[in-house]
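The values are calculated or read from the model by the stated rules, or taken from the named source; none is laboratory data. These numbers were taken from a predicted model, which means no experiment stands behind them. Backbone-built Cβ (ideal geometry, glycine too); neighbour counts: all protein chains shown.
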Amino acid sequence: MGLDWCLVRCKCGHSFGHRNGTKPKCTICGSNEVTNVQQFSDSRSLAYAVSDANLPKELAKELSSRLESKFAIEESRQQAPVSIREKVRRILRSATDEHGVLQLSAIRRELDSAGLDSESWESIIGGAELEGILVRCSNDSWRWV
Ligand SMILES: [Zn+2]
């Protein structure tokens, strides 16, 4: 297979693909003043390269504003720290399965993903039992009171 497929860039900034042996013509402005950027052996890789090349121009703005709002959300989260108590309750809630049961493995997993020491489950569960919100139903499972 030869490198029959070309990614070219027009002077207007638009990137598009064309097949070797044909005359490239910009699909946006109709110009044929194009620069060869890269060659490919199949049309599929070319298609990916074309969308990649055009991504920054068309989507960069949208993507960056999305990222900015994401950072803003994270910042506001950090500015309003959740109390440990509330954090633990959230962890316990998300560790609860559809039967309302909390398995030890799920609790450890949720502690892990919340960035807490999964070995601290014992004191967390112990605290919840003392508070009367959880009751043990087997060696390694609990349910809400
Ligand atoms: Zn053009």
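Kindly provide the set of residues from segment 1-26 that are surrounded by 12 or more Cβ atoms within 10 Å (Cβ to Cβ) and hydroxyl-bearing (Ser, Thr, Tyr), ordered by number.
Ser15
Report, by residue number, each residue of segment 28-52 that is part of a loop (DSSP other than H, G, I, E, B) and either within 16 Å of the ligand (Cβ to nearest atom) or surrounded by 12 or more Cβ atoms within 10 Å (Cβ to Cβ) (or both). Before you say what the answer is, go through the steps one by one.
Step one: filter segment 28-52 for residues part of a loop (DSSP other than H, G, I, E, B), giving 28-33, 41-42.
If the condition is that a residue be part of a loop (DSSP other than H, G, I, E, B) and either within 16 Å of the ligand (Cβ to nearest atom) or surrounded by 12 or more Cβ atoms within 10 Å (Cβ to Cβ) (or both), then Ile28, Cys29, Gly30, Ser31, Asn32, Glu33, Ser41 are the ones that fit.
Restricting attention to segment 1-20, and to residues there that are assigned to a loop (DSSP other than H, G, I, E, B) and more than 10 Å from the ligand (Cβ to nearest atom), which single residue is modelled with the lowest pLDDT?
Met1
Are any residues in segment 100-140 small (Gly, Ala, Ser) and in contact with a Leu (Cβ under 6 Å, 6 or more places away or on another chain), and if so, which ones? Let's see the steps before the verdict.
The first filter runs over segment 100-140 and keeps only residues small (Gly, Ala, Ser), leaving 100, 105-106, 113-115, 118, 120, 123, 126-128, 132, 138.
Ser118, Ala128, listed by residue number.
For the condition within 16 Å of the ligand (Cβ to nearest atom), farther than 30 Å from Glu131 by Cα and at pLDDT below 85, what is the one hit in Lys57, Lys23?
Details: Lys23 fails: at pLDDT below 85.
The match here is Lys57.
List the residue pairs whose Cβ atoms are under 6 Å apart, where the first residue sits in segment 101-114 and is free of Cβ contacts under 8 Å to residues at least 40 places away in the same chain, the second is outside any helix (DSSP H, G or I), and the two are 6 or more positions apart or on different chains.
Short answer, once both residue conditions are applied: Gln103/Ser141; Leu104/Asp140; Ala106/Ala95; Ile107/Ala95; Glu110/Ala95.
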